[in-house]
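Coordinate-derived values only; no laboratory data. It should be emphasised that the depicted structure is a prediction, and the values quoted were computed from it without experimental measurement. Methodologically, a virtual Cβ is constructed for each residue, glycine included, from the backbone with ideal geometry; neighbour enumeration extends over all protein chains shown.
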Amino acid sequence: MPPRVDHLPNIFERNALQELRLGELPGHRIGTPSLIARLLSKGWIENGSTARNYKITHAGKEALQTPLPIRTYRTLD
């Protein structure tokens with residue numbers, strides 16, 4: 001299996017970004033503190049207008065729209 005690339009969000013990051021795409025939800029938890037820290041460090045989210053609110057950034061929208069690589073398997077002939 002090829003190594004994980006950092007510019008593609010994993011399943012947990014994708015889920016959080018998809019939830020944030022709709023906008024700020026007061027008091028809504030999008031994930032664990034470590035997940036939020038990862039998203040902040042990658043620049044995919046930013047702090048919102050109040051504590052515990054986050055907004056998706058332009059970079060986060062681009063990461064969410066990046067096509068996922070499709071793994072192909074060899075067939076036995």
**Study point:** Amide hydrogen neighbours beyond the local backbone of G48, cut-off 5 Å, H modeled
**Key:** N53, Y54, K55
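Report the FRET efficiency, 1/(1 + (r/R0)^6), for L35 and R71, where r is their Cβ-Cβ distance and R0 is 30 Å, rounded to 0.05.
0.75
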Point to revise | Whole-Hz ³J(HN,Hα) from phi, Karplus 6.51 cos²θ - 1.76 cosθ + 1.60, for the stretch 8-22, glycine and proline x | key: 9, x, 7, 4, 6, 5, 4, 4, 5, 5, 5, 5, 6, 4, 7
